[in-house]
Number of protein chains: 2
Amino acid sequence: MQYIAGGVCAPKGFKAAGVHCGIRKNRTKYDLALIVSDEMAAAAAVYTQNLVKGAPILVTKEHLADGYARAVIVNSGNANTCNANGIEIAKGMCALVREHTGIDEKDVAVASTGVIGQPLSLQPIADGMEKLVNALSYDGSVDAANAIMTTDTLLKQFAVEFMMDGVVCTIGGIAKGSGMIHPNMATMLSFITTDCAISPEMLQEALKEDIVESFNMVSVDGDTSTNDMVMIMANGLAGNSPITKKNADYATFRSALRMITQMLSRAIAKDGEGATKLIVSKTVGAKNVETARTVAKAVICSNLFKAAMFGADANWGRVLCAIGYSGADVDVNKIDVTFSSEMGKLPVCMNGAGVPFDEDEAKKVLSANEVNVLVDLCDGECEATAWGCDLTYDYVKINGDYRT
Amino acid sequence: MQYIAGGVCAPKGFKAAGVHCGIRKNRTKYDLALIVSDEMAAAAAVYTQNLVKGAPILVTKEHLADGYARAVIVNSGNANTCNANGIEIAKGMCALVREHTGIDEKDVAVASTGVIGQPLSLQPIADGMEKLVNALSYDGSVDAANAIMTTDTLLKQFAVEFMMDGVVCTIGGIAKGSGMIHPNMATMLSFITTDCAISPEMLQEALKEDIVESFNMVSVDGDTSTNDMVMIMANGLAGNSPITKKNADYATFRSALRMITQMLSRAIAKDGEGATKLIVSKTVGAKNVETARTVAKAVICSNLFKAAMFGADANWGRVLCAIGYSGADVDVNKIDVTFSSEMGKLPVCMNGAGVPFDEDEAKKVLSANEVNVLVDLCDGECEATAWGCDLTYDYVKINGDYRT
């Protein structure tokens, strides 16, 4: 099992494209993406748990109800959420895909990301469709990944190759962050493709199991978006015997999927709005996995701790504070905390109380662009990892003036 | 019932003092406060729900168990939390009050605020006690309020005078913010005094009922402190017949108490770390008060919305988004949102969808230093108010380098 170059076009039989159609005023920023499978694909998705749901979420749910899809169309620059005619527009986007590709609109998923509550016109999308469909290619993943970006600064795509049933299978994915990102629900937009043969039921199950330890363990700012969606299409072109139950092949598929989703999750956290560093929060020694997840997430969700990380300040008391209000059932007098990075390792708290450390050494360790926070609850064998980022001036700047 | 000048010394028979004793290096910043009642007082308190609790919390709980107290000693600059000898130090502070005033240490409450996990030495406090006790005066509220401040920029004290049972009663209070402030628990430090006669049981009940709609409706940054405490002492010197049950006098007392706690809550939110404006989030038309509170708090807790307020950006989609993930059971298609301030009134959303507005007008309304966000759920008769502030560069600056 190994990472290879590429994203959603790495698996066999998937084309993608990204273009500028005019939803955004900036003509150099792509705003419309299309991913198409050559063959009908098993399809699964998880969606935001926010009560306020973007119209595309509702339309995609309907279109994926039968477990199959061939394409997904995505725009950035407008969330198509809280608009009176949102459903009509989302369905219109699917109809445009049918008109230009012949794919039944019931086999088309749709997603939108951007400002909430501004009317979205179908006109620029209709105008851009011919260019978009003409641009579809087996090399189009980068363009599609670019087109779904909003405040993201880094393109996010990964692919993994693995052997199954004597054939080479591939999973690839793209994602966008980078604000309104919070764990505990399906977060952000991510589109994953695979040429592995797998039934719709097993595909949905694999995705549902996976997000608990990947996308749901990411937080940038504690705000859960209205338009989050993670979607996966599996077209079976690798030629393996289809996975229809939880056997060894299913386990292999889950492992490969996790390699993609955890890298995308890390990438989303690292590229969080305004972030200067990735924070990897690992909790070990928990009595159960729920406790480990709750603690790991509480640490990366604390504004105070995130601001301390921006300032490379080893303020471990904020880690203890966050664990204390997380609701997790822990013995605070057993907790050990260690900060580490490529610059070194720094134990700061043992048995719930501070241990002396060198402040210069602490600054050095915390000035790296990836910082690990290890919390040992010393209370069991379970562990979990969450990904977050620091809270910076630029987060405030980006969000003080996002819409206008 | 009316506001009058003063704080904890406004009621009869309360002295207070604040001095610099040396816990803080900055000799111009007071770091030690004492409030003393001339007579034994009924006493009640509510404490942080954080599992990680400062040692002073544990000692105060023990000392207030009998429902009476005469004094509270408070230091800033060090939270005395996550220290191996914390309990010993907190008890030592109470013993110092006994040595210098003769008040039984079991009648002394203690509180600490500042950095978590740094050892606190009793030495500067012992050295400062004589100066502190000598400074006790019926004019000392401002000094005490100064001494408990950490990153606060504004002194917070209020007093209310009211008639009860034919006599003049007074309630006064001081508080400190301004980071690690989050609703849903007893938050921050606040000390309230009254000369009203009321039983310990009714005093605890009044406080418990009050915080749900005052301190628990404040959020600055979503982090619940380890050292939060709201304490009230009632020495009965006003001469009213003691309140011992929930009668009309109790209702009067509750109203007066609310006048103090809601003003302190507003002041804490307005002076939130780095804040440039107070945000008053009012939710009306809710089917029950829990829903109203959940929605009002979700709005002022959203980092994205708070950053938009800093930028005076009328990004109402973030209000809807926050309501959507709050867990409140609401019909998103019924929600109306209106922004207002002394500069005007701006409806931005009706029935869950946007209404056109003038961007220049919006900038004007949102540039005031107090902004109201009115959410009408159009689903009932209940309402609630929460207080918060914007998220600014300075919040990040203050917390990127608080400890070092």
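A few comments on the model shown:
The rows are residues; the columns are (1) modelled with pLDDT under 75; (2) within 9 Å of the chain's Cα centre (by Cα); (3) of a type in the set (D, E, K, R); (4) under 19 Å from B:Arg258 (Cβ atoms).
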{"position": "B:Gly172", "(1), (2), (3), (4)": "no, no, no, yes"}
{"position": "B:Asn184", "(1), (2), (3), (4)": "yes, no, no, yes"}
{"position": "B:Ser190", "(1), (2), (3), (4)": "no, yes, no, yes"}
{"position": "B:Asp195", "(1), (2), (3), (4)": "no, no, yes, yes"}
{"position": "B:Glu205", "(1), (2), (3), (4)": "no, no, yes, yes"}
{"position": "B:Glu209", "(1), (2), (3), (4)": "no, no, yes, yes"}
{"position": "B:Asp223", "(1), (2), (3), (4)": "yes, no, yes, no"}
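- Restricting the range A:285-298 to residues that are of a type in the set (A, V, I, L, M) and either farther than 28 Å from A:Thr392 by Cα or open to solvent by 40 Å² or more (accessible area, probe 1.4 Å) (or both), the residue that is nearest to the chain's Cα centre (by Cα): A:Val289
- Single condition B:Met202 does not satisfy, out of (1) within 26 Å of B:Lys345 (Cβ to Cβ); (2) in contact with a Pro (Cβ under 9 Å, 6 or more places away or on another chain): (1)
- Among the residues of this structure, A:Pro356 counts as one that is open to solvent by 10 Å² or more (accessible area, probe 1.4 Å), free of Cβ contacts under 8 Å to residues at least 40 places away in the same chain and in a loop (DSSP other than H, G, I, E, B).
- When A:Gly311 is tested against (1) within 13 Å of chain B (Cβ to nearest Cβ); (2) touching a residue at least 12 places away in the same chain (Cβ under 8 Å), just one condition goes unmet, and that condition is (2).
- Test: A:Lys345 is within 11 Å of chain B (Cβ to nearest Cβ) and either under 30 Å from A:Thr150 (Cβ atoms) or not hydroxyl-bearing (Ser, Thr, Tyr) (or both): no
- Filtered by the rule that a residue be over 25 Å from A:Lys287 (Cα atoms) and crowded, with 18+ Cβ neighbours inside 10 Å, the range A:317-353 gives a lone residue, A:Ser341.
- Under the condition of being hydrophobic (A, V, I, L, M, F, W, C) and not in a loop (DSSP other than H, G, I, E, B), the residues counted in the range A:138-155 number 4.
- Filtered residue count, the range A:368-404, keeping only those that are within 14 Å of another protein chain (Cβ to nearest Cβ), in a strand (DSSP E or B) and either more than 21 Å from A:Ser265 (Cβ to Cβ) or open to solvent by 10 Å² or more (accessible area, probe 1.4 Å) (or both): 0
- When each of A:Ala328, A:Ala362 is tested for being at pLDDT 90 or above, under 20 Å from A:Val289 (Cβ atoms) and within 12 Å of chain B (Cβ to nearest Cβ), the lone residue that passes is A:Ala328.
- Residue check for A:Thr276: open to solvent by 10 Å² or more (accessible area, probe 1.4 Å) and within 14 Å of chain B (Cβ to nearest Cβ): yes
- Qualifying residue in the range A:233-247 (condition: on the phi > 0 side of the Ramachandran plot and either open to solvent by 10 Å² or more (accessible area, probe 1.4 Å) or at pLDDT below 85 (or both)): yes
- Count of residues meeting criterion [under 19 Å from the mean Cα position of the chain (by Cα), within 11 Å of another protein chain (Cβ to nearest Cβ) and either on the phi > 0 side of the Ramachandran plot or not hydroxyl-bearing (Ser, Thr, Tyr) (or both)] in the range A:39-66: 4
- Residue under evaluation A:Arg24, criteria (1) outside any loop (DSSP other than H, G, I, E, B); (2) at pLDDT below 95; (3) out of contact with any His (no Cβ under 7 Å at 6 or more places or on another chain), criterion not met: (1)
- Search result, residues across the range A:109-143 that are farther than 21 Å from A:Val52 by Cβ and under 21 Å from the mean Cα position of the chain (by Cα): A:Gly140, A:Ser141, A:Val142, A:Asp143
The values are calculated or read from the model by the stated rules, or taken from the named source; none is laboratory data. Small disclaimer: the values here were computed from a predicted structure and weren't measured. Cβ atoms come from the backbone with ideal geometry, glycine included; neighbour counts cover every protein chain shown. Just so you know, the surface numbers come from the protein's heavy atoms only, side chains and all, with ligands and any DNA or RNA stripped out. Shrake-Rupley method; radii C 1.70, N 1.55, O 1.52, S 1.80 Å.
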